[in-house]
Amino acid sequence: MGFGLPGGEGRLTVRKAWIVAGVAVGSALSFVMLLVVGVYVVAGNLINGVGGGTKALAKGAVPAAYSAIVQKWGNLCPALNPALLAAQLYQESGFNPNAKSPAAAEGIAQFIPGTWATHGVDGNGDGVKNVWDPADAIPSAASYDCQLASYVKDVPGNLTENMLASYNAGAYAVIKYGGVPPYKETQNYVKTITTLEESFAAPVSRVDPSKQAAAAIYYAQKKLGTPYLWGGDGTAADNGRFDCSGLTKAAYESVGITLPRVANDQYNAGPHPKRDELLPGDLVFFSTDPTDSRAIHHVGIYVGGGYMIDAPRTGAVIRFDPIDTSEYFGATRVTEDGAKALPTTV
């Protein structure tokens, strides 16, 4: 799914006339730049950024099997919200209920046995506290967060940040330093989770345009006509060829933003604009399961007018394709902080 599986990326329907136009690279470049300039001029006075309001989950950002429970337990206390809880679970395990770390942390919420023994709860009321059951582990993670928040409720500063710092460094350190302690690891943890929170939250206002978007498009458009290669990163060993996520990774790497290698992880690299709020440079994603971002199998770079540049499948070339297909999943407006916040492995 992440590398653009052979056959998976080939499901997008393409109009033959547009394929011909895509091969004519010179005309295509002019077309793209007109779209970029036009859309940004229109958007310039409309964007107010993300912020405020409830933190409902973005469509499909949490696998459907866990979405309702994250939404419910994410509202357990004022310091927590569903998107923040989702960000923690993604950071800890990538929503894998069977995850186990070298440090013996277990389950979707990565509790170590001692912490689970003290803070695990029977979330589903079946009489058993099972760290491997998300119906117990997710409520336990929320309950533990809120308990930490209660410990530091009188500490100056942002309660949510102090709660996250307590999760990483312990409540005593937060109380001692009167807020997030001066530990680099803890400060990075707080920033990482609060940044990831944006990629799991449904935007309540328009999303700010990416400053690097035009340059990322420019990189991708120079690759029009390049043959597809599954697993391709555009290196000399690959003869300059790409698959879908290899192309988007390279395009944003050209402007100093490092994305994960696979498409479903790239989805979490920033907030998610609605379909009618897309701007050139947004990454657009496709999935066979409209309820689960982990099932994403294809990604392209939006250029405006309902089209993207993408590396579609084996036997095809990098080209323009329409985004409005039955498998369109959603979009991400890549941010530097959002990309940096993603875990290296999930």
| said: As I understand it, the dipole of the stretch 136-191 uses +1 on the Cβ of Lys and Arg and -1 on the Cβ of Asp and Glu, about the Cα centre. Which of Val152, Ile175, Pro139 lies farthest toward its positive end? | reply: Ile175
| task | Place a +1 charge on the Cβ of each Lys and Arg in the stretch 217-343 and a -1 charge on the Cβ of each Asp and Glu, then give the dipole magnitude about the Cα centre in debye, rounded to the nearest 20. | result | 280
| message | Given points 7 Å out from each Cα along the Cα-Cβ axis, report the Ser150 to Lys340 separation in nanometres with one decimal. | response | 3.6
| In nm, spacing of pseudo-spin labels at His119 and Asn188 (7 Å Cα→C-beta vector) | 2.1
| field | Protection proxy ranking of 243-251, 155-163 - average other beta-carbon atoms within 10 Å, highest first | value | 243-251, 155-163
| task | Could you grab the relative contact order for the stretch 80-152? Cα pairs under 8 Å, six or more apart, rounded to a whole percent. | result | 25
| request: Report the relative contact order of the stretch 142-199, percent, no decimals, based on alpha-carbon pairs under 8 angstrom and at least 6 residues apart. | output: 27
| said: Ignoring solvent entirely, what values of log10 I(q)/I(0) come out of the Debye formula for the stretch 253-346 at 0.15, 0.19 Å⁻¹ when each Cα is a single scatterer? | reply: -0.55, -0.90
| request: State, to one decimal in nm, how far the label point of Thr288 lies from the label point of Arg206, with both points 7 Å from Cα in the Cβ direction. | output: 3.8
| field | Carbon + sulfur, % of accessible area of the stretch 211-335 - ligands and nucleic acids excluded, 1.4 Å | value | 52
| remark: Under Stokes-Einstein, the stretch 202-254 at 25 °C and 0.890 mPa s, with its Kirkwood radius over C-alpha pairs, diffuses with a coefficient in µm²/s of 202
| request: Let me have the relative contact order for the stretch 295-341, percent, based on Cα pairs under 8 Å that are six or more residues apart. | output: 24
| message | Just the number please: accessible area per residue for the stretch 198-302, 1.4 Å probe, all protein chains included, in Å². | response | 33
| task | Return the whole-Å distance between the Cα centroid of the stretch 81-133 and the Cα centroid of the stretch 186-226. | result | 28
| request: Whenever you get a sec, compute what percent of the accessible area on the stretch 47-183 sits on carbon and sulfur atoms (1.4 Å probe). | output: 53
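The values are calculated or read from the model by the stated rules, or taken from the named source; none is laboratory data. Because the structure is a prediction, the values reported are computed rather than measured. As a convention, Cβ positions derive from the backbone with ideal geometry for all residues, glycine included, and neighbour counts pool all protein chains shown. With ligands, DNA and RNA removed, areas are computed over all heavy atoms of the protein, side chains included. Shrake-Rupley method; radii C 1.70, N 1.55, O 1.52, S 1.80 Å.
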